[in-house]
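To keep things clear, I will list the structure first and then write my remarks on it.
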Amino acid sequence: MEDALVIQKMSKRFGGLRAVQDVSFSVKKGETVALIGPNGAGKTTSFNLITGFHRPDSGSIRALGREIVGLRPHDVCAQGLARTFQVAKPFGAMTVQANVMTGAFLRNKSVDVAREKASEVIEFVGLSAKEQTPARDLTTIDQRRLEMARALATQPQILLLDEVMAGLNPSEIDQAVALIGKLSERGLTIVIVEHVMRAIMAVARHIVVLDHGQKIAEGNPREIVENPEVVRAYLGSAHVATPGETGA
Amino acid sequence: MMFGISTRVWLLLAAGAAVLIALPLVVTSSFAIDICIRILMFSFIGVAWNLMGGYAKQLSLGHAAYFGLGAYTSTIMQINYGISPWIGMVAGGVVAMLASLPIGWLCFRLRGPYFTIATIATAQALMLIFLKFRDFAWGAEGTTIPNLGNAPLMMQFEEKAGYYYVALGLLALGLAITYQMEKSWMGYYLVAIGEDEDAAEAIGVNAPRIKRDIYLISSFLTALAGTFYTQYIYFIDPATAFSFNISIEAALVSIVGGIGTLWGPVIGTILLETTSALLQSWLGSSLGGVQLTVYSLILMAVILWRPTGLMGIMTEWYQRLFRRRSVQT
């Protein structure tokens, strides 16, 4: 199958810190890929590089056949890449409906069309009952749903989800996993950053492991779990608490 | 239904307009009419400021820059070339728009308080420029506008009612623009930028361009008020035209009334201008500064207890009164 997202030798430094170093991976159309790694491994930075919030120092990012390095975030979004944030950023003063409509305006400036599109994706993520609730009054999981609905309203082909499960309880995680499954069935290409291993194993066919800004492994979930490098760097840190693994 | 407004609201608007139009025929006291004109003008400046400062939460304290540019453009055109201030008013608006491009380009690189400080600096810098260059703008002593008697084509009226109607027209224009914007995608984009610029960018909002565009509109409207005010008081000098008080007033009436709402600046101005005018006439000469003290007390009360402004309080009352009804609709 064709590649939706191809990242080659992407690097970013912040002062002396090499946040992301020569990272390359690609995502096939319609595939769900997970980006995992310990804290500070460079996952969120990678997302920021792909979506234009930071500019890579070097390397190439091709999305849907087009080089997107140097585009501003709104242009990246217009190219068909939408993202959510690790810390949900709802427009608090707006209702759920208005939040999602704001996303829908990217493809059509008509208020009526946007309202229709919004109500469709709000239903899809299961927020219909709270359509008129101010976003600031939502619970954590509903805020995550809203983030997804807002991103979906821009009609993306590639969806980047940054730790959408953080702070959710086990039953909420199951709901989120089901939602991501539904999105994948719709044909969306999904890149997901996640810490919840149970969720990753459930949604991702392919996993890319980062550590200290570098890619240390790549493969299907089984390969990743058995990879000694990964066990040492990431999974191992859960069992043997190594102080050096956090931070950076 | 017209422009998505119900018949009931149209009737209310028509009744309100009729009262406002009839007002100068009934109220003959020149003091009262003067207060009304000031209320209309500062409401209009507040409405212009609110487009950017209220909806998109870009807190500018430098709108005097555009007020002054509007005032000076029309006055220079009138005195040096005999061009009617009606044309000068539009020209002033265009000059203000052009000026807002580089000023916005500089200031929008900064966010939050730094943006606000930068806007103050630009207005002050413009005032200094007009103070220094005596050749084309009369320097510090300013100039009076030649009194032509009753000359509506030159925006001069013998009766204060004439100015009243000009100010009323300006306010109606500002409110109509705000209303249209609020209902369109632009309104959503502005509020989104005000809430979280990064999140807005992430869903395809070109934040720098939207901010530039709304700054253009806001400056244009503010400049119209500048021309009007100069014609009203028959005098211009840098200290009046670029007065920091204009910048403060524009922000204050909106904050007190309720930022990011259609009627907020109007309600804020009615409260603040009336209080200040009445206090000044009762106590002004005996107790200096009382007026400013009361002014600041109102502001503190609003910020402490009602950060959403008077509009917030009124919406709450309205909802309490009509709760059952609003649930049904």
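The values are calculated or read from the model by the stated rules, or taken from the named source; none is laboratory data. Quick caveat, the model's predicted, so the values are computed rather than measured. Note that we place each Cβ from the backbone using ideal geometry, even for glycine, and neighbour counts take in every protein chain shown.
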Given the options B:195, B:201, name the one that is farther than 30 Å from residue B:75 by Cβ, facing another protein chain (nearest Cβ under 9 Å) and in contact (Cβ under 8 Å) with a residue 12 or more places away in the chain. B:195
Verdict on residue B:269 being more than 14 Å from every other protein chain (Cβ to nearest Cβ), outside any loop (DSSP other than H, G, I, E, B) and touching a Ser or Thr at 6+ places or on another chain (Cβ under 8 Å): yes
Can you name the helices (runs of 4 or more DSSP H) wholly within segment A:155-234 that have at least 3 residues being buried (at least 18 other Cβ atoms within 10 Å of the Cβ)? A:170-185, A:197-203
Only one residue in A:194, A:147, A:131 is more than 14 Å from chain B (Cβ to nearest Cβ), under 18 Å from residue A:94 (Cα atoms) and either in contact (Cβ under 8 Å) with a residue 12 or more places away in the chain or among the acidic types (Asp, Glu) (or both). Which one? A:131
Residues in segment A:103-141 that are among the charged types (D, E, K, R) and crowded, with 21+ Cβ neighbours inside 10 Å total 1
Would you check if there is a residue in segment A:86-109 being among the basic types (Lys, Arg), without any contact (Cβ under 8 Å) to a residue 40 or more places away in the chain and either not assigned by TED's automatic domain parsing to the domain that holds residue A:14 or not in a helix (DSSP H, G or I) (or both)? yes
Run down B:175, B:190, B:216, B:171 and say which single residue is surrounded by 15 or more Cβ atoms within 10 Å (Cβ to Cβ) and within 14 Å of chain A (Cβ to nearest Cβ). B:190
Only one of (1) under 14 Å from residue B:217 (Cα atoms); (2) within 14 Å of the chain's Cα centre (by Cα) does not apply to residue B:101, and that is (2)
Which residue pairs have Cβ atoms closer than 7 Å, lie 6 or more positions apart in sequence or on different chains, and pair a first residue in segment B:75-87 that is within 18 Å of residue B:240 (Cβ to Cβ) with a second residue that is assigned to a helix (DSSP H, G or I) and among the aromatic types (Phe, Trp, Tyr)? B:76/B:136
Take the residues in segment A:62-85 that are of a type in the set (D, E, K, R) and in contact (Cβ under 8 Å) with a residue 12 or more places away in the chain; name whichever of them is nearest to the other protein chains (Cβ to nearest Cβ). A:83
Determine which member of the set A:121, A:96, A:111, A:100 is within 7 Å of chain B (Cβ to nearest Cβ) and β-branched (Val, Ile, Thr). A:111
Tally the residues that are crowded, with 20+ Cβ neighbours inside 10 Å, away from every other protein chain (no Cβ under 14 Å) and closer than 28 Å to residue B:302 by Cα, restricting the search to segment B:241-261. 12
Boolean, residue B:118 is small (Gly, Ala, Ser), buried (at least 16 other Cβ atoms within 10 Å of the Cβ) and either more than 16 Å from residue B:222 (Cα to Cα) or under 21 Å from the mean Cα position of the chain (by Cα) (or both): yes
Scanning segment B:47-102 for residues that are polar (S, T, N, Q) and assigned to a helix (DSSP H, G or I), which turns out nearest to residue B:195 (Cα to Cα)? B:50
Inspect segment A:115-126 for any residue being of a type in the set (A, V, I, L, M) and farther than 29 Å from residue A:66 by Cα and give the result as yes or no. yes
Conditions (1) on the phi < 0 side of the Ramachandran plot; (2) surrounded by fewer than 23 Cβ atoms within 10 Å (Cβ to Cβ): number failed by residue B:57: (1)
Could you check, for segment A:48-61, whether at least one of its residues is at the interface with chain B (Cβ under 9 Å from one of its Cβ atoms) and touching a Gly at 6+ places or on another chain (Cβ under 7 Å)? no
